[in-house]
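Beneath this line is the structure, given in structure tokens, with notes to follow.
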Amino acid sequence: MKWIDKNLHIKPINTHIDPYKPVENAIITHGHADHAKPGHKNVLATSETIEIMKIRYGENCAENFQVLPTNQSLKINDVLIKFFPAGHILGSVQVLTEYKGEKINFTGDYKTTSDQTCKDFEPVKCHTLVTEATFGLPVFQHPNENEEIKKLLKSINLFSERPHLVGVYALGKAQRVINLLRQQGYDKEIFIHGSLEKLCEYYQNNNIDLGKITKVNLTKKKDYNGEIILAPPSAIKNIWSRKFEDPIICQASGWMSIKQRAKQSLVELPLIISDHADWNELTKYIKFTDAENVYVTHGREEAIVHWCKMNKINGLALSLSGRDDEEQL
Amino acid sequence: MKKFSELINKLLLTSSRNRKIDILSNYFQNTSDPDRGYTLAILTNELELRNIPISRIKEIVFENVDKELFTLSYDYVGDLAETISLIWPHKELGSLLCISEIIDVLRNLKRDDVNKTIKYYLSIANETERWALVKLISGGLRIGVSSRLAKTALAKFSNKKLDDIEKIWHGIETPYNNLFNWLCNQGPMPKIDLLKTFNPMMLANPISKNDFKTLISSEFIAEWKWDGIRVQIILGKSSVKIFSRTGDDISQSFPEIKNGSDSMVILDGELLVGRDFIPMNFNSLQQRLNRKKVTQKHMDEFPAFIKLYDILYLNNEDLRDKTWKSRRFELEKWFKKNNNNYFDLSNVIKFSSWDELSNFKKNKIIDDQHEGLMIKKIDGSYIPGRPKGYWYKWKKDPKNVDAVLMYAIRGHGKRSSYYSDFTFGLWNGNQLSPIGKAYFGFDDNELKVLDKFVRNNTIKKFGPVREVEKTFVIEIAFDAVNESNRHKSGVALRFPRIKRLREDKPASEVIQLSQFKSEFL
């Protein structure tokens, strides 16, 4: 990786991938706050990612935006750049770069399972893989997401006298949970915390079916018994949630597979729904790419590096700073 | 196993006590014998599978999972059963036996079959069943269900009295078929062996200012509330059994207490350490508690004895329905006949007015020996539990110290959106050293103030714990201070609670730990 350094800086074209601080040229893999920061001069990303950045940070969060659709190449000097769908959230991509015949693929955050709220993941071969490892421990083996959604529906049936407050990250997870509910035939109104509104609207404008969603209005007296209310986990921990009477606290996250973790966060109904690859997906993909070198950007790096060693692949942890805000996983 | 594993999973994730009782009561209602009996035994910690050590389970896991990957995972997850349940790589078709059959198989496994069987079970189990299976083998569920809560659920599902269940609890055995028969009205209340069985104790209520106005002093006597641990002693022809207040058999820890009795008797008293029946402080007693092996040195240094309060049985006669006065008469008679080195009578304090008793308490109390006074109704019988109107405890005045708020954690249930569990400390040089935790004593308004302060002044987060700016002073009330080598500060407070918020006081005026120790220890 002579032409790219540990901060994911592509030296021949002075461009950073998902830089933590404002830079001259940035490629952004997706709109989550730990990958997309405001204040760069030039941003290259998918149109969805750019729109999401503008919703979150304002129209002028970068000086110039350049759209690169997935599966199209862009050549800057001698570096060829191509985006492949990462299957993580709407607009998310892997970034394949090629320079002097060497292919390096940056996964960004990804999952390989299907998701109706974004394009399906596309695998790519490369010489060097720069991968995430959020759930890079063999204890993380995500179950089928539909089975998890059924748990929520079952609970709604069983405890129709209690509101179900579901902790979700505002971008990606919220829309996916709503979409999964719709896929299971849940056609009632779904309530959302105000901070989810704009992003849900954006997803709907992209023809993703979310059905009828309504912002929670706590000034008006309303009975939320038996309803599903989506809110960021921080709002559920906060004063906001006190307005609901005797709610069942749920949380949709890959971390919820760990019971002690759910218990610690006072989650009564954990829903193991992750937008990240689990251990099996991570290791399977590493094998698929035929990469000789694997660099781990963030997450549980040690185990992936150890696994690479067991499989005679060069593995190295980059431990990028500023990643892994657990609320959004 | 599916039903059992789902039950304990639900219990783990439920924080409301009432809801846990509902879940359990439903389970007992809808589960047959002996499954529910075994579940009850597991929940109340009465079941042990000694033949399969947890090291054996680890060995099986390491044969199937890379050790390094397991260690990294365990570091992250923090719970062994959970790590194993999540990391187990094999999946086979099949379904696990029910809980009673599993226990039966595990108990009778031949050494050579252990690995094969456990591996098979782990492979056919789903993740929650695996978790439950490993917990079952390792013992200690840690799912926030006390034995009392399990019994409360029994009472709820059967409409029987909790007291009646407690009365026979220590005399019945796993899987409790006779208990469930009785609970389901299909059999008599189980008969129990008095010589082996702990009898639930009578406990006192705290006395309030108002009580002194309504209670008639001439109907009561007083005794010292000795600062030891309350025990029940069962003496048989050649046996001695000592039970703690919660029914734990602690006889082994106090082998010097021998049977000098010629008759079968059940006594109630306070276990203390000291010489010539003069008690040493509670800290000395603690040197003797929770020790499986007792050395001669310990017994010489901290000899145990018992101050007798009451008598429950004598020669198979149940005295509990008699008045305190007649029980005391029997106790004194028995004591005269069976005088020895381990038993002393607790003195009866007579008084003619509450004022007189108050003065007596003020003048005669010895801080290291007494926790306060017990006030008992002369014509009252011995009623298990905490009945109103019979026994009162009049504790010595609490001690107070101003301390600085350091850390906070969110509460449970109703308080789950409030930071309501607080750690506080005193200065140790220019650093604060935590001296205790408290989660009650404040009213709703004070809780709101504390919660707001924590939210607005967090400087660091460690998982659920918030560290706050060291600026908020709270007044802590506590009953006593003990030396403790388990705590960094070297002290442990007994029964600490938040008495007042001292928003007026700057943190710099809080005292040094050393000063606190010299004042209270």
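When each of B:SER32, B:SER55, B:SER15, B:SER25 is tested for being of a type outside the set (A, V, I, L, M, F, W, C), assigned to a loop (DSSP other than H, G, I, E, B) and more than 14 Å from chain A (Cβ to nearest Cβ), the lone residue that passes is B:SER32.
Filtering the range A:20-50 to residues that are part of a loop (DSSP other than H, G, I, E, B) and farther than 20 Å from A:ILE89 by Cα leaves A:LYS21, A:PRO22, A:VAL23, A:GLU24, A:GLY39.
Every listed requirement among (1) among the aliphatic types (A, V, I, L, M); (2) over 27 Å from A:ASN205 (Cβ atoms); (3) assigned by TED's automatic domain parsing to the domain that holds A:LEU320 is met by A:ILE4 save one, (3).
Taking each residue of the range B:96-120 that is closer than 16 Å to B:PRO34 by Cβ and looking for partners that are outside any loop (DSSP other than H, G, I, E, B) and among the hydrophobic types (A, V, I, L, M, F, W, C) with beta-carbon atoms closer than 6 Å, six or more apart or interchain, yields B:ILE99/B:PHE4. Taken over the range A:10-31, the criterion of being out of contact with any Pro (no Cβ under 8 Å at 6 or more places or on another chain), closer than 17 Å to A:VAL130 by Cβ and either among the aliphatic types (A, V, I, L, M) or in contact (Cβ under 8 Å) with a residue 24 or more places away in the chain (or both) is satisfied by A:ILE10, A:PRO12, A:ILE13, A:THR15, A:ILE17, A:ASP18, A:TYR20, A:ILE27, A:ILE28, A:THR29, A:HIS30.
You will find that of B:SER95, B:SER123, B:SER138, the residue that is under 28 Å from the mean Cα position of the chain (by Cα), among the hydroxyl-bearing types (Ser, Thr, Tyr) and more than 10 Å from chain A (Cβ to nearest Cβ) is B:SER138 and no other. Scanning the range A:63-109 for residues that are of a type in the set (D, E, K, R) and assigned to a loop (DSSP other than H, G, I, E, B) gives A:ASP78, A:LYS100, A:ASP109.
When B:ASP193 is tested against the conditions (1) more than 24 Å from the chain's Cα centre (by Cα); (2) more than 21 Å from B:GLY247 (Cα to Cα), the lone failure is (2).
One residue is enough: does the range A:259-271 have a residue meeting the conditions more than 10 Å from every other protein chain (Cβ to nearest Cβ) and surrounded by fewer than 19 Cβ atoms within 10 Å (Cβ to Cβ)? Write out each step before concluding.
So in the range A:259-271, the residues more than 10 Å from every other protein chain (Cβ to nearest Cβ) come out as A:271.
Narrowing further to those that are surrounded by fewer than 19 Cβ atoms within 10 Å (Cβ to Cβ): none.
Within the range A:259-271 (the criterion being more than 10 Å from every other protein chain (Cβ to nearest Cβ) and surrounded by fewer than 19 Cβ atoms within 10 Å (Cβ to Cβ)), the answer is no, since none of the residues qualifies.
For the range B:351-371, what are the residues that are of a type in the set (A, V, I, L, M) and over 22 Å from B:ARG328 (Cα atoms)? Explain how you work it out, then say what you get.
First pass over the range B:351-371, keeping only residues of a type in the set (A, V, I, L, M): B:357, B:365-366.
Correct list: B:ILE365, B:ILE366.
Residues of the range A:182-193 include at least one that is free of Cβ contacts under 8 Å to residues at least 40 places away in the same chain, of a type outside the set (A, V, I, L, M) and within 21 Å of A:LEU266 (Cβ to Cβ).
Can you find a residue that is farther than 23 Å from B:ASN347 by Cβ and in a helix (DSSP H, G or I) anywhere in the range B:227-234? Within the range B:227-234, not a single residue is farther than 23 Å from B:ASN347 by Cβ and in a helix (DSSP H, G or I).
Check the range B:56-79 and report whether any residue there is under 28 Å from the mean Cα position of the chain (by Cα) and under 17 Å from B:PRO175 (Cβ atoms).
Within the range B:56-79, the first condition is being under 28 Å from the mean Cα position of the chain (by Cα), and the residues that meet it are B:77-79.
Then keep just the ones that are under 17 Å from B:PRO175 (Cβ atoms); that gives none.
Looking for residues that are under 28 Å from the mean Cα position of the chain (by Cα) and under 17 Å from B:PRO175 (Cβ atoms), one finds none in the range B:56-79, hence no.
Which residue, of B:SER238, B:SER244, is modelled with pLDDT of 80 or more and of a type in the set (S, T, N, Q)? Write out each step before concluding.
On the way: B:SER238 fails: modelled with pLDDT of 80 or more.
None of the other options fit; the residue is B:SER244.
Annotation: of all residues in the range B:58-75 being surrounded by fewer than 15 Cβ atoms within 10 Å (Cβ to Cβ) and more than 14 Å from chain A (Cβ to nearest Cβ), the one that is nearest to A:THR134 (Cα to Cα) is B:GLU63. Screening A:GLU51 on (1) outside the structural domain of A:TYR110 (by TED's automatic domain parsing); (2) under 25 Å from A:GLY172 (Cβ atoms) shows it passes everything except condition (1).
Take A:ALA277 and tell me if it is over 19 Å from the mean Cα position of the chain (by Cα) and small (Gly, Ala, Ser). Spell out the reasoning first.
On the way: over 19 Å from the mean Cα position of the chain (by Cα): no; small (Gly, Ala, Ser): yes.
Against the criterion (over 19 Å from the mean Cα position of the chain (by Cα) and small (Gly, Ala, Ser)), A:ALA277 does not qualify.
Those residues that are surrounded by 15 or more Cβ atoms within 10 Å (Cβ to Cβ), at pLDDT 95 or above, among the hydrophobic types (A, V, I, L, M, F, W, C) and out of contact with any Ser or Thr (no Cβ under 8 Å at 6 or more places or on another chain), I need them from the range B:313-344; list them, please. Residue satisfying the conditions is B:LEU331 alone.
For every residue, the table says whether it meets (1) more than 10 Å from every other protein chain (Cβ to nearest Cβ); (2) over 14 Å from A:THR128 (Cα atoms).
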residue: A:SER274; (1), (2): yes, yes
residue: A:ASP278; (1), (2): yes, yes
residue: A:TYR285; (1), (2): yes, no
residue: A:THR289; (1), (2): yes, no
residue: A:ASN293; (1), (2): yes, no
residue: A:VAL296; (1), (2): yes, no
residue: A:ALA303; (1), (2): no, yes
residue: A:TRP307; (1), (2): no, yes
residue: A:ASN311; (1), (2): yes, yes
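Which residues, counting only those in the range B:356-385, are among the basic types (Lys, Arg) and surrounded by fewer than 17 Cβ atoms within 10 Å (Cβ to Cβ)? Show your work before the answer.
Just the residues of the range B:356-385 that are among the basic types (Lys, Arg), to begin with: B:361-362, B:364, B:376-377.
B:LYS362, B:LYS364, listed by residue number.
May I ask you to verify whether B:THR83 is polar (S, T, N, Q), under 30 Å from the mean Cα position of the chain (by Cα), at the interface with chain A (Cβ under 9 Å from one of its Cβ atoms) and closer than 18 Å to B:PRO53 by Cβ? Yes; evaluated as a whole, the condition is true for this residue.
Looking only at the range A:51-62, which residues are free of Cβ contacts under 8 Å to residues at least 24 places away in the same chain and part of a helix (DSSP H, G or I)?
Answer for the range A:51-62, where residues must be free of Cβ contacts under 8 Å to residues at least 24 places away in the same chain and part of a helix (DSSP H, G or I): A:LYS54, A:TYR57.
Provide a single number: the residues in the range A:257-314 that are of a type in the set (A, V, I, L, M), touching a Gly at 6+ places or on another chain (Cβ under 8 Å), touching a residue at least 40 places away in the same chain (Cβ under 8 Å) and more than 30 Å from B:TYR418 (Cα to Cα). Residues in the range A:257-314 being of a type in the set (A, V, I, L, M), touching a Gly at 6+ places or on another chain (Cβ under 8 Å), touching a residue at least 40 places away in the same chain (Cβ under 8 Å) and more than 30 Å from B:TYR418 (Cα to Cα): 5 in total.
Criterion applied to B:ILE242, B:ILE229, B:ILE216 was being hydrophobic (A, V, I, L, M, F, W, C) and farther than 22 Å from B:PRO387 by Cα, and the one residue passing it is B:ILE242. Taking the numbered list (1) at positive phi; (2) not assigned by TED's automatic domain parsing to the domain that holds A:LEU152 in turn, A:GLY211 passes all entries but (2).
The values are calculated or read from the model by the stated rules, or taken from the named source; none is laboratory data. What you are looking at is a predicted structure, and each value in this text was computed from that prediction instead of being measured. In this analysis, Cβ positions are derived from the backbone assuming ideal geometry, glycine residues included, and neighbour counts consider all displayed protein chains.
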